Each structure stands twice: as C-alpha cells, then as structure tokens.
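What follows is a short report on a single structure.
No value in this document is a laboratory result; all are computed from the given coordinates. This one's a predicted model, so the numbers in the text were calculated from it and none came from an experiment. All Cβ positions, even for glycine, are placed from backbone atoms using ideal geometry, and neighbour counts span all protein chains on display.
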Amino acid sequence: MAKKPEFTKYLPLDNWFRHQPADRQEIELTFEQVEAILGAWLPASATKLSTWWTNVQPKIQSHRMAWLNHGWKVAEFDQQARWVKFVRA
C-alpha cells in the first residue's frame, strides 16, 4: 500500500498525479501551477533547498510521496526560475 503524504496539504498534489493519463510521460510545472494544484503556497524550502525536490524515498511520509506514489520522479528543476519537470519513473 502506498504511503500518503504526511501533511494533508500535499493530498491535492497526490490526487493530481494519481489522475494523470497513463500515456503522459513528462510534465513541466511552474511553482505557481503546483501552488494552484495545492491550493496553498509552497514552503520556502521548496525555493531554497535542492533536497526538497529529490526522489529519495523518505523514512517518514513527506511531500515527495505525492509524486513517487504514482510512478513519477523529478527530472529537473530550477528554483530561481521556479519550475519543475517530472517524468515517469
């Protein structure tokens, strides 16, 4: 059974990834688009810490579970330009 993100804040993102078409292999989102999906601001750490966007399976449930649970991984990101690219794992 897949872990749910620890913080309910990330459940909308988890749900969004769950509903991506199976034939979609790549998604590029601005941070503003991620915030629109969440219905909330990203934390400051998303723009300051590169580790926020890693694909490491966390020991605790975290925001990363929102994409990892559904077969996605971060391929690239630019914190200054505020975008992230996900690909099917």
Being small (Gly, Ala, Ser), within 17 Å of PHE17 (Cβ to Cβ) and free of Cβ contacts under 8 Å to residues at least 24 places away in the same chain is the filter here, so list the residues in the range 69-88 that pass it. GLY71
The lone condition ALA22 fails out of (1) over 13 Å from the mean Cα position of the chain (by Cα); (2) part of a helix (DSSP H, G or I) is (2)
Subset of the range 38-59 (residues that are over 19 Å from ALA89 (Cα atoms) and surrounded by fewer than 16 Cβ atoms within 10 Å (Cβ to Cβ)): GLY39, ALA40, TRP41, PRO43, ALA44, SER45, THR47, LYS48, LEU49, SER50, LYS59
